[in-house]
1. Need one number: nm distance between label points at H30 and F72, each 7 Å from Cα along Cα→Cβ, rounded to one decimal.
2. Add -39500 (n - 2.57) for each DSSP H run of 4 or more in the chain, then divide by its residues: what number comes out at 222 nm, to the nearest 500 deg cm²/dmol?
3. Compute, for E73, the solvent-accessible surface of its heavy atoms (probe 1.4 Å) with the complete set of protein chains present, and express it in square angstrom to the nearest 10.
4. Skip the ligands, DNA and RNA, and give the accessible area per residue of the chain with a 1.4 Å probe, whole Å².
5. According to the square roots a ≥ b ≥ c of the eigenvalues of the Cα gyration tensor, what is the shape class of segment 11-158, taking rounded for a/c under 1.5, prolate for a/b larger than b/c otherwise, and oblate for the remainder?
6. For R136, what accessible surface area do you get with a 1.4 Å probe? Give it in Å², rounded to 10.
7. Please report the carbon-and-sulfur percent of the accessible area for the chain; probe 1.4 Å, protein heavy atoms only, DNA, RNA and ligands left out.
8. State, to one decimal in nm, how far the label point of R115 lies from the label point of D151, with both points 7 Å from Cα in the Cβ direction.
Amino acid sequence: MGHEAPEKPPVLMTLSDADLEALAALEAAHGWVTAGSAARLAASLRAPGTLVFGLVADDAVVGYAAMDRQPFEAELQAVMVDTRWRGRGLARRLLAEVVEQARAWGSERLLLEVRVGNASAIALYRGAGFEDDGIRRGYYPPRQAGAVREDALLMSLALE
Ligand SMILES: CC(C)(COP(=O)(O)OP(=O)(O)OC[C@H]1O[C@@H](n2cnc3c(N)ncnc32)[C@H](O)[C@@H]1OP(=O)(O)O)[C@@H](O)C(=O)NCCC(=O)NCCS
C-alpha cells in the first residue's frame, strides 16, 4: 500500500458483529488467518461474556483486544496492533481498557497465556504489572509444519 498512517489518534470502541470484516482484514494482513479464524472471531464478537475492544482509524481496525468473563476471573484472549501502528502505546491503551473492564466486572484477577518466545507481548504485560504464574508445556501448536510445539507462559494481574 505504501501510504503513511494518518496522525489522528485511533478511537477506542467496543466492536460488534458489524466489525467482523474489518477485524478479519487486520488479522489477514498479518498472516494470522488459520482455519476457523473467521468463525472464531465471529464467535468472540457474539459470545455473551466476551468483549472485543477495537482501535479504529479511518474506518479500519488498527488494533484490538478480546477478553472473556469467567465466574471469578477475566481472561485476556488476544491483543494485536497493526504493524504500521506499533510502538505508539496503542497496545498499552487497549490493555488499560481491558483491566478497567475486568475491574468493573468485579473480577479477582486478569489471566492470560502467551507464547514464551513472544518477548514484546511479555514486556507489555510485565509493564502493566502482570506476574508470571508458570509454564504450560507444549501448549501452542507449531507455527509451521515440522516445528515443535511452543510453551505458554501463564501470567496474571491481581485486581483486588
Ligand atoms: C505485542 C503488541 C500487541 C504490542 O503492540 P504495540 O502497540 O506496539 O505496543 P505499545 O506501543 O503499546 O508498547 C507497550 C509496551 O509493550 C512492550 N513492547 C511493545 N513492542 C515491543 C518490542 N518490539 N520489543 C520489546 N517490547 C515491546 C514494551 O514494554 C512497551 O512499553 P515501552 O514502550 O514503555 O517500552 C504487538 O507487537 C502485536 O500486535 N504483536 C502481534 C500480536 C501478538 O503477539 N499479540 C500478543 C499475543 S495475543
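1. It works out to 3.2 nm between the two label points.
2. On the way: 4 runs with 45 residues, N = 160.
Counting only the DSSP helices, I get -8500 deg cm²/dmol.
3. Here the accessible area works out near 40 Å².
4. Working: 9140 Å² over 160 residues.
Result: 57 Å² per residue.
5. Details: a/c = 1.39, a/b = 1.07, b/c = 1.30.
Cα axes put segment 11-158 in the rounded bin.
6. 110 Å²
7. On the way: 4750 of 9140 Å².
The nonpolar share, carbon plus sulfur, comes to 52 percent.
8. Label at R115, label at D151, 1.6 nm between them.
The values are calculated or read from the model by the stated rules, or taken from the named source; none is laboratory data. Computed from a prediction, not measured in an experiment: that's the story for all the values here. So basically every Cβ, Gly included, is an ideal-geometry build from the backbone, and we count neighbours across all protein chains shown. For accessibility, only protein heavy atoms count, side chains too; no ligands or nucleic acids. Shrake-Rupley method; radii C 1.70, N 1.55, O 1.52, S 1.80 Å.
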